[in-house]
1. Do you know which of the residues in segment 89-115 that are part of a loop (DSSP other than H, G, I, E, B) and among the polar types (S, T, N, Q) is surrounded by the most Cβ atoms within 10 Å (Cβ to Cβ)?
2. Does residue 216 satisfy the criteria of being in contact with a Cys (Cβ under 8 Å, 6 or more places away or on another chain) and at pLDDT 95 or above?
3. Please go through segment 381-400 and give me each residue that is hydroxyl-bearing (Ser, Thr, Tyr) and modelled with pLDDT under 85, ordered by number.
4. So, residue 279, is that one of a type in the set (Asp, Glu), in contact (Cβ under 8 Å) with a residue 40 or more places away in the chain and either within 29 Å of residue 446 (Cα to Cα) or in a loop (DSSP other than H, G, I, E, B) (or both) or not?
5. Just need a number here: residues in segment 116-144 that are touching a residue at least 60 places away in the same chain (Cβ under 8 Å), closer than 19 Å to residue 102 by Cα and either touching a helix residue (DSSP H, G or I) at 6+ places or on another chain (Cβ under 6 Å) or part of a loop (DSSP other than H, G, I, E, B) (or both).
6. So, residue 423, is that one loosely packed, with under 15 Cβ neighbours inside 10 Å, of a type outside the set (Phe, Trp, Tyr), over 25 Å from residue 205 (Cβ atoms) and modelled with pLDDT of 90 or more or not?
7. What are the residues in segment 468-480 that are more than 19 Å from residue 228 (Cβ to Cβ), touching a helix residue (DSSP H, G or I) at 6+ places or on another chain (Cβ under 8 Å) and not charged (D, E, K, R), if any?
8. Which of the residues belonging to segment 307-332 are within 28 Å of residue 175 (Cβ to Cβ), in contact with a strand residue (DSSP E or B) (Cβ under 8 Å, 6 or more places away or on another chain) and not in a helix (DSSP H, G or I)?
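The values are calculated or read from the model by the stated rules, or taken from the named source; none is laboratory data. For clarity, every value in this text was computed on a predicted model and none was experimentally measured. Backbone-built Cβ (ideal geometry, glycine too); neighbour counts: all protein chains shown.
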Amino acid sequence: MKTGEQIVMNKIKSNCFYFSLLLLLLFMLFVVCGVYANETGRVYPISFAELKSLLKIKVPPEHSKLMAEVLNAKKQNKTSGEIGKMLLLQFNIKKSDLLPLLKQMNVPDKMEEFCTDMVLNKKPVLELVIKGAITAPKYSPQYNMAKNFIKDIKKTLSIMGSNFNIRVVLYPGGVMGDEPDFIRKVKLGQLQFASGTLAMGEMVCPALSVFDLPFLFDYEPKLYYDELKYCEIDWVFGKAAPTINRLLEEKGFILGGIVDAGGYINIASLKVPIRTAEDLKKITFYALPYSRIAGDVNRVCGFNKTIVCKIFDMPTMVATGMLNSGPCAWYTQILMQALSSNFKYVTSFPIRGYMAGISLQSKEMYEDLLKIAEISEVFTGITKEAALNSARSILLLQYKTIKETVRYKIRSLEAKSRKVIIEKKIYEVIELKNEEIEKIKSRVLPLYYELADKKGKYPKWFLDEILGYREEYRKLKKEGMLTEMWYKKGIFPDGYDEYAWIKTWGSKQK
């Protein structure tokens with residue numbers, strides 16, 4: 001048996017060992033970082049607003065030959081000393097003369113040191129700080145997936161070379177305000193991307209209001225929840241993506257992707273179980289303040305009253321009794337205990353349709369990067385072709401990640417949550433008979449064209465396009481023409497390439 005003294009001595013030896021190991025690791029880290037710094041050069045963090053100042057750069061005609069020689073030397077990977085010698089011998093310019101020269105070219109003060117290092121091929125790294133906001137709270141599935149996507153972006157940026165990097169700052173739910181604040185800040189250049197509900201997209205592109213219509217999509221619980229396969233929702237959004245992006249680009253945004261924000265929306269209620277269409281007269285439901293058609297839809301469905309409230313105010317509204325119902329996205333009901341503890345019943349059918357989310361990006365950001373690459377290759381080290389390919393790669397990566405990974409994970413969580421709520425009887429599931437569902441449906445369908453024709457809430461042509469894609473899917477499904485490649489991987493059986501618009505994005509800017 002060890003004495004107290006032996007135990008103490010052993011602990012001291014152990015601590016000395018770990019301390020020595022720590023010193024060794026720190027030394028190795030110092031050496032590695034030193035080598036890395038020598039290989040890549042100094043890192044210059046810069047905001048997107050500051051990067052835009054590079055657009056002011058103009059090379060005077062008398063210096064065009066000089067800059068051409070510098071670019072040629074950089075392509076040959078000549079050292080700083082060799083380039084300095086070339087400048088002195090051919091143009092009688094010392095390294096100390098570079099700063100006044102750069103000022104003549106309108107190089108902004110913030111970028112002077114970076115541009116000097118670039119001219120001398122010291123391999124500096126331009127770290128562009130891009131900021132974005134997401135409605136989902138921190139550590140939610142959507143937030144975590146967004147963080148993982150940011151890591152993937154860095155891998156994609158290898159096409160831009162070692163002189164360029166992106167650092168993304170992501171603000172979770174509420175930190176940067178509500179969704180209207182997101183849109184305003186993207187337009188002002190304070191944010192470069194935003195992810196939120198589809199109602200956020202409606203503020204930019206009114207046509208997206210179409211997707212807030214109940215009964216727009218077939219309810220396919222077996223495909224959606226049980227088998228986690230692609231369904232009518234995915235078909236319509238996949239086909240409509242190029243049109244949606246075109247409409248967004250007209251307003252200065254690019255489509256990052258469309259994802260399930262809550263999926264099929266059943267209705268959870270507190271005191272009134274919804275068994276018939278008439279029961280909706282006893283229900284107070286919500287509408288987001290920036291939704292274009294929610295109030296009209298709620299009225300036609302037969303709800304007693306619509307309470308306008310923000311997303312993060314909904315639990316308070318329910319707790320105080322101002323709302324006696326809420327949208328039942330299954331996972332959200334488990335996540336937001338403030339809501340689930342106040343409800344007793346849930347409808348078996350998604351009366352309120354489907355809730356989507358959308359990711360929007362600043363079109364200006366991508367276009368400015370292309371312009372900067374075109375006029376300042378000697379300073380940024382980025383060719384326009386590389387910038388364009390990188391932009392497409394990032395857009396494609398984000399869109400595919402949302403389609404192939406995010407949707408699957410969210411639906412998986414929805415399916416598990418739905419199973420728990422039903423099996424553990426957290427809510428009593430109220431079965432709606434088909435005739436009652438048809439009564440509500442008969443109220444809603446005439447609204448489709450009324451909102452387009454009489455109220456101008458969205459373009460009629462866009463509604464027609466969406467309904468066309470829907471009928472296309474239903475016809476193929478009825479005829480048994482939807483293959484397993486579609487159901488499992490979302491590959492369209494008619495050969496349609498959902499990603500074609502991204503692969504050719506920016507062609508007009510060439």
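1. Keep residues of segment 89-115 that are part of a loop (DSSP other than H, G, I, E, B), which gives 92-94, 105-108.
After this cut, where a residue has to be among the polar types (S, T, N, Q) as well, the list is 92, 106.
Numbers: 92: 8, 106: 14.
Here the residue is 106.
2. In short, no.
3. Listed by number, the residues that qualify are 383, 390.
4. Numbers: of a type in the set (Asp, Glu): yes; in contact (Cβ under 8 Å) with a residue 40 or more places away in the chain: no; either within 29 Å of residue 446 (Cα to Cα) or in a loop (DSSP other than H, G, I, E, B) (or both): yes.
Spelling it out, it is not the case that residue 279 is of a type in the set (Asp, Glu), in contact (Cβ under 8 Å) with a residue 40 or more places away in the chain and either within 29 Å of residue 446 (Cα to Cα) or in a loop (DSSP other than H, G, I, E, B) (or both).
5. Final tally of qualifying residues: 6.
6. Yes, satisfied.
7. Selection gives 469 alone.
8. Within segment 307-332, 307, 308, 309, 322, 323, 326, 327, 328, 329 meet the criteria.
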